[in-house]
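Notes follow once the structure below has been shown.
Derivation of every value follows stated rules applied to the coordinates shown; laboratory data play no part. The model shown is predicted, which means the values in this text are computed figures rather than measured ones. Cβ placement follows ideal geometry from the backbone for every residue including glycine, while neighbour counts extend to all protein chains displayed.
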Amino acid sequence: MIERVLLGAATVFILVSLVGVYRTIVGPTTPDRVIAINFVGSNVVIVIALIAAAIGEPGALDIALVYALLNFLLSISISKFQVERGGVL
C-alpha cells in the first residue's frame, strides 16, 4: 500500500516538473531558465528518493545525493557564467 502512495507522489512530482521544463524552454529571461533548471533538478532528486523508498533500494539514495550535488554545481556554474558575461542587471 505504501509503495503505491510513494509511486503516486513520484508521478505528481514528474507532472509538476513538466511546468519547469516549459519555463526552461520559454524563458522569458535567462535567470528564469536557471531557476527552472534548478527546480526540475530538485524534483528529479525527490523522484529518485521516492522510487528508492518504494522499491526498498537504499543504494539509490546515493544516486539521488550525487545528482543533487551535480544540480547545485550546474546552477552555480550557469550563474557564474552569466555574471562574467554581463547578463546580470
**Message:** Eigenvalues of the Cα gyration tensor times 5, then square-rooted: what semi-axes does that give for the chain, in whole angstrom, largest first?
**Reply:** 30, 16, 5
**Message:** How charged is the neighbourhood of V26? Take every other residue with its Cβ under 12 Å from the Cβ of V26, and add Lys/Arg as +1 and Asp/Glu as -1.
**Reply:** +1
**Asked** Once a ≥ b ≥ c are taken as the square roots of the eigenvalues of the Cα gyration tensor of the stretch 1-51, is the result rounded (a/c under 1.5), prolate (a/b larger than b/c) or oblate (a/b not larger than b/c)?
**Response** prolate
